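One structure below.
The values are calculated or read from the model by the stated rules, or taken from the named source; none is laboratory data. All values reported here derive from a predicted model rather than from experimental measurement. A quick note on method: Cβ atoms are made from the backbone with ideal geometry, for glycine too, and the neighbour counts reach across all protein chains shown.
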Amino acid sequence: MNIKITKTINLNDVPSEIRSMISSAKSELDAGLQEQMLQIVRHSLHNTAEEFFGTIDQVEQLRERLTQFDETLQEISNIMLGYKDIIIPNKKEQQRETLGSDIEQTAPASEEQFGDLDDEYMEKVRDLYSKNQEFLKSNGYEVSENEAAEHEKRASREDRAEEGFDEEG
């Protein structure tokens, strides 16, 4: 049974700790796993059924060690990603800090801003929006029904306005 342990180290010591973990993983790969694979090859070359089929157990043992090795690599990766997040801040956060609250104060685009676009272009936009919604749904993303309904309502209103009808009918 494997358990995870944690330890506290100074931030400046993280790179050396990572190097140590990588070195340990490399040693495991170089010596233990390679030797175990050679044993499997040797047993598979035997002509007796007992030795030949004994390879099955050895393959399973190697798979368990490979799983442990993969977990070690995952731990190294997680530590490195966490360290990177601390050392190299997220670009979005940096942009938000640089721009301040201007991002939140930017007004959404209005329909008047797009009044000079022709009907064919707007039809392509609607078609792309619909295809995007279908794609999102087919890939398991939640699509707000209210958002889709609002888009359809807006598109219908625009079509009716283009045909010379007012909003009430």
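Here are the numbers for this structure:
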item	result
Residue 145 vs. criteria at pLDDT 75 or above, more than 30 Å from residue 12 (Cβ to Cβ) and out of contact with any Cys (no Cβ under 9 Å at 6 or more places or on another chain)	no
Conditions (1) closer than 21 Å to residue 71 by Cα; (2) loosely packed, with under 12 Cβ neighbours inside 10 Å; (3) free of Cβ contacts under 8 Å to residues at least 40 places away in the same chain; number of the one not met by residue 37	(2)
Selection within the stretch 50-78 - touching a helix residue (DSSP H, G or I) at 6+ places or on another chain (Cβ under 6 Å) and closer than 19 Å to residue 14 by Cβ	72, 76
Options 98, 67: the member that is outside any loop (DSSP other than H, G, I, E, B) and modelled with pLDDT of 90 or more	67
Test for residue 12: is it outside any helix (DSSP H, G or I) and among the polar types (S, T, N, Q)	no
